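Visitor: Attaching a single structure in structure tokens format; questions to follow.
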Amino acid sequence: MIDFAPPSFLLIIGAILLATGALSGLLAGLLGVGGGMFVVPVLFFLFGALNVPNDVAMHLAVATSLATIIPISVSSARAHYIRGALDTHLFRSWAPFIFVGAALGGLASKYVDGAQLTVIFGAIALIVALTMAAPKGPVIADSVPSSVLPRSLIGSVIGLLSALMGIGGGTLSVPILTLFSFPVKRAIGTAAAFGIVIAVPAVIGFVWSGLGVADRPPWSLGNVNMPAAVIVVVAAIFTAPIGARMSHAIDPTALRFVFSGFLFVTSIYMLREVL
């Protein structure tokens, strides 16, 4: 990044990334939505401010966000596990399918251009924003599917879409689990662990797909910009456990409305960029 901006501007970028990391960690622990829903649009805007072409910027934003999810999810999942909010049986039964879907998403990123990634992110972010703003989500069954076919289909879709959006598992898995009457606090805790399963294979795919691509900022490993990832993680690793503790102590309804509003505005802006 230092090639296209003066040091003073880079300091401002660094401060924004620190704030982004702190908020993303808090959201990951508190709401289980995954910090990526906040990190991706911020990174997209920042890379654009550094004169990175939009097509490259979106791949960088998604991949860098995925890289930050690994340590953030470990920190958040550990905090939820200590409080008994991580369902290990559900995690073991869904994780293999989520892993496969995420791996496919990471590999597919080589063949999906930046505009398509932006549409995927914007459309799903809009749906999530409207869902989070609803006072109470629908329920379609009294229990989570136990047979292999529905688990494999749902899990692989969660992994695939999460990888292409640069988000952890909570954004999609928490609403889906609550459709099946799964307790929301245990859904949040388990989703934090899903983030690890999603991010690892997806990051590998995005690194591979970005090797040799032109117009990337300095110190980028494939599509992952290492300085941005490190700065976000440094802040988020401390706030994720705080968010996890808060999720067991407060009613996050007001924050859900604020975050859904942010997602709504962001999704509309990003969709306007490409449509």
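The values are calculated or read from the model by the stated rules, or taken from the named source; none is laboratory data. Just so it is clear, the structure is predicted and the values come from calculations on it, not from any experiment. Note: ideal-geometry Cβ built from the backbone for every residue, glycine included; neighbour counts use all protein chains shown.
Visitor: Which condition does Ser73 not pass, out of (1) of a type in the set (S, T, N, Q); (2) surrounded by 24 or more Cβ atoms within 10 Å (Cβ to Cβ); (3) more than 18 Å from the chain's Cα centre (by Cα), if it passes all the others?
Guide: Result: Ser73 passes all but (3).
Visitor: Quick one: in segment 161-183, of everything that is among the β-branched types (Val, Ile, Thr) and surrounded by 24 or more Cβ atoms within 10 Å (Cβ to Cβ), which residue is nearest to Ile82 (Cα to Cα)?
Guide: If we take residues in segment 161-183 being among the β-branched types (Val, Ile, Thr) and surrounded by 24 or more Cβ atoms within 10 Å (Cβ to Cβ), then Val174 is nearest to Ile82 (Cα to Cα).
Visitor: Same structure again: What are the pairs, 6+ residues apart or on separate chains, where a residue within segment 96-111 that is hydroxyl-bearing (Ser, Thr, Tyr) has its Cβ under 8 Å from a residue that is surrounded by fewer than 21 Cβ atoms within 10 Å (Cβ to Cβ)?
Guide: Pairs that qualify, where the first residue is hydroxyl-bearing (Ser, Thr, Tyr) and the partner is surrounded by fewer than 21 Cβ atoms within 10 Å (Cβ to Cβ), are Ser109/Ser209.
Visitor: Hey, does segment 30-40 have a residue that's at positive phi and buried (at least 20 other Cβ atoms within 10 Å of the Cβ)?
Guide: Narrowing segment 30-40 to residues at positive phi: 32, 34.
Now drop any that are not buried (at least 20 other Cβ atoms within 10 Å of the Cβ), which leaves 32, 34.
The answer is yes, given that some residue of segment 30-40 is at positive phi and buried (at least 20 other Cβ atoms within 10 Å of the Cβ).
Visitor: Given the condition under 19 Å from the mean Cα position of the chain (by Cα), within 30 Å of Val213 (Cα to Cα), surrounded by fewer than 17 Cβ atoms within 10 Å (Cβ to Cβ) and among the polar types (S, T, N, Q), answer yes or no: does some residue in segment 95-109 qualify?
Guide: No; the residues of segment 95-109 include none that is under 19 Å from the mean Cα position of the chain (by Cα), within 30 Å of Val213 (Cα to Cα), surrounded by fewer than 17 Cβ atoms within 10 Å (Cβ to Cβ) and among the polar types (S, T, N, Q).
Let's see how each residue does on (1) small (Gly, Ala, Ser); (2) touching a Leu at 6+ places or on another chain (Cβ under 7 Å); (3) surrounded by fewer than 18 Cβ atoms within 10 Å (Cβ to Cβ); (4) assigned to a helix (DSSP H, G or I):
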site	(1), (2), (3), (4)
Ser146	yes, no, yes, no
Lys185	no, no, yes, yes
Ala191	yes, no, no, yes
Phe194	no, no, no, yes
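Visitor: Right, here's the next one. Taking segment 145-179 as the region of interest, how many residues are modelled with pLDDT of 90 or more and either on the phi > 0 side of the Ramachandran plot or of a type outside the set (Gly, Ala, Ser) (or both)?
Guide: Qualifying residue count for the region: 13.
Visitor: Right, here's the next one. How many of the residues in segment 196-219 are assigned to a helix (DSSP H, G or I) and crowded, with 18+ Cβ neighbours inside 10 Å? Steps first, answer last, please.
Guide: Step one: filter segment 196-219 for residues assigned to a helix (DSSP H, G or I), giving 196-210.
Filter again for crowded, with 18+ Cβ neighbours inside 10 Å, leaving 196-203, 205-207, 209-210.
Residues flagged as assigned to a helix (DSSP H, G or I) and crowded, with 18+ Cβ neighbours inside 10 Å within segment 196-219 amount to 13.
Visitor: Any residue that is surrounded by 23 or more Cβ atoms within 10 Å (Cβ to Cβ) and either over 30 Å from Ser146 (Cα atoms) or aromatic (Phe, Trp, Tyr) (or both) - is there at least one of those in segment 241-248?
Guide: Taking every residue of segment 241-248 in turn, at least one turns out to be surrounded by 23 or more Cβ atoms within 10 Å (Cβ to Cβ) and either over 30 Å from Ser146 (Cα atoms) or aromatic (Phe, Trp, Tyr) (or both).
Visitor: Within segment 60-118, work out how many residues are out of contact with any Gly (no Cβ under 8 Å at 6 or more places or on another chain), of a type in the set (Gly, Ala, Ser) and within 25 Å of Val230 (Cβ to Cβ).
Guide: Residues in segment 60-118 being out of contact with any Gly (no Cβ under 8 Å at 6 or more places or on another chain), of a type in the set (Gly, Ala, Ser) and within 25 Å of Val230 (Cβ to Cβ): 2 in total.
Visitor: Within segment 21-38, which residues are in a helix (DSSP H, G or I), more than 18 Å from Trp219 (Cβ to Cβ) and either among the aliphatic types (A, V, I, L, M) or at pLDDT 90 or above (or both)? Walk me through it before giving the result.
Guide: Residues of segment 21-38 in a helix (DSSP H, G or I): 21-30, 36-38.
Subset that is more than 18 Å from Trp219 (Cβ to Cβ): 22-30, 36-38.
Matches in segment 21-38: Ala22, Leu23, Leu26, Leu27, Ala28, Leu30, Met37.
Visitor: Tell me, please, whether a residue that is under 30 Å from Trp219 (Cα atoms) and aromatic (Phe, Trp, Tyr) can be found in segment 65-85.
Guide: no
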